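Data first, discussion second: the structure below is written as structure tokens.
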Amino acid sequence: MRRAVKSVCSLLATVGIVLALGVVSAAPANAAVSCSGTVSYSDTISGVGELTIFYNSTSNGTNSACFYHRGAAYGVSAPTYVRAYRCVETSGEGQPCTIDTSSSPDLGNYAYYAGPRGVTGTNNRCVAAIGYIDWNGNRHLISSGRQGC
């Protein structure tokens, strides 16, 4: 009985801390993305970072982006950023994106990856993403250009 009461108290304390810190928030439905699905784009930079865009057919097409730490940066906390965009264009892989809508940015000191960040309604539309890691005094940035067109 004591163990059950202690477990419930621990759970309630954790929920209280999470709510007080604002870690849990009501997010719009189009924010429900993950770093999974069909890879539509992936590129690495300087052996320390990788930007990957994923596609999923839900919500009239959902694309999400994640920026992963690689090599010496893997497992080491460093400023890492990612943001995804839905483009106006429907063709022109690799060309600049005229932004129709964007995800919120994800920027933090992460040890493994930033993201996921995503956009919905991407069937028959191009998407783009930008991500970077600040490592050893340098910003290692990847901009995908239009993808998945």
Single residue of Pro116, Pro79 found to be loosely packed, with under 15 Cβ neighbours inside 10 Å and out of contact with any His (no Cβ under 9 Å at 6 or more places or on another chain):
Pro79
Regarding Arg146, is this residue farther than 22 Å from Asn56 by Cα, among the charged types (D, E, K, R) and open to solvent by 20 Å² or more (accessible area, probe 1.4 Å)?
no
Does Gly115 satisfy the criteria of being touching an Asp or Glu at 6+ places or on another chain (Cβ under 6 Å) and of a type outside the set (Asp, Glu)?
yes
Hey, Ala129 hits all of (1) closer than 26 Å to Gly47 by Cβ; (2) open to solvent by 20 Å² or more (accessible area, probe 1.4 Å); (3) assigned to a strand (DSSP E or B) but one; which does it fall short on?
(2)
Are any of the residues in the stretch 24-42 touching a Gly at 6+ places or on another chain (Cβ under 9 Å), at pLDDT below 90, surrounded by 12 or more Cβ atoms within 10 Å (Cβ to Cβ) and not small (Gly, Ala, Ser)?
yes
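Could you tell me whether the stretch 89-104 includes any residue that is modelled with pLDDT under 95 and surrounded by fewer than 14 Cβ atoms within 10 Å (Cβ to Cβ)?
no
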Can you name the condition, by its number, that Arg86 falls short on among (1) under 20 Å from Ser36 (Cβ atoms); (2) open to solvent by less than 40 Å² (accessible area, probe 1.4 Å); (3) in a strand (DSSP E or B)?
(2)
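I'd like the residue in the stretch 51-71 that is of a type in the set (Gly, Ala, Ser) and in contact (Cβ under 8 Å) with a residue 40 or more places away in the chain and, out of all such residues, is surrounded by the fewest Cβ atoms within 10 Å (Cβ to Cβ).
Initially, the stretch 51-71 is screened for residues of a type in the set (Gly, Ala, Ser), giving 57, 59, 61, 64-65, 71.
Checking which are in contact (Cβ under 8 Å) with a residue 40 or more places away in the chain leaves us with 57, 59, 61, 64-65.
Values: Ser57: 11, Ser59: 16, Gly61: 18, Ser64: 28, Ala65: 30.
Looking at residues that are of a type in the set (Gly, Ala, Ser) and in contact (Cβ under 8 Å) with a residue 40 or more places away in the chain, I get Ser57.
The values are calculated or read from the model by the stated rules, or taken from the named source; none is laboratory data. The structure presented is a predicted model; accordingly, all values stated were derived computationally and were not measured. FYI the Cβ positions are ideal-geometry reconstructions off the backbone, even for glycines, and counts take in every protein chain you see. Only protein heavy atoms, including side chains, enter the accessible area calculation; ligands, DNA and RNA are left aside. Shrake-Rupley method; radii C 1.70, N 1.55, O 1.52, S 1.80 Å.
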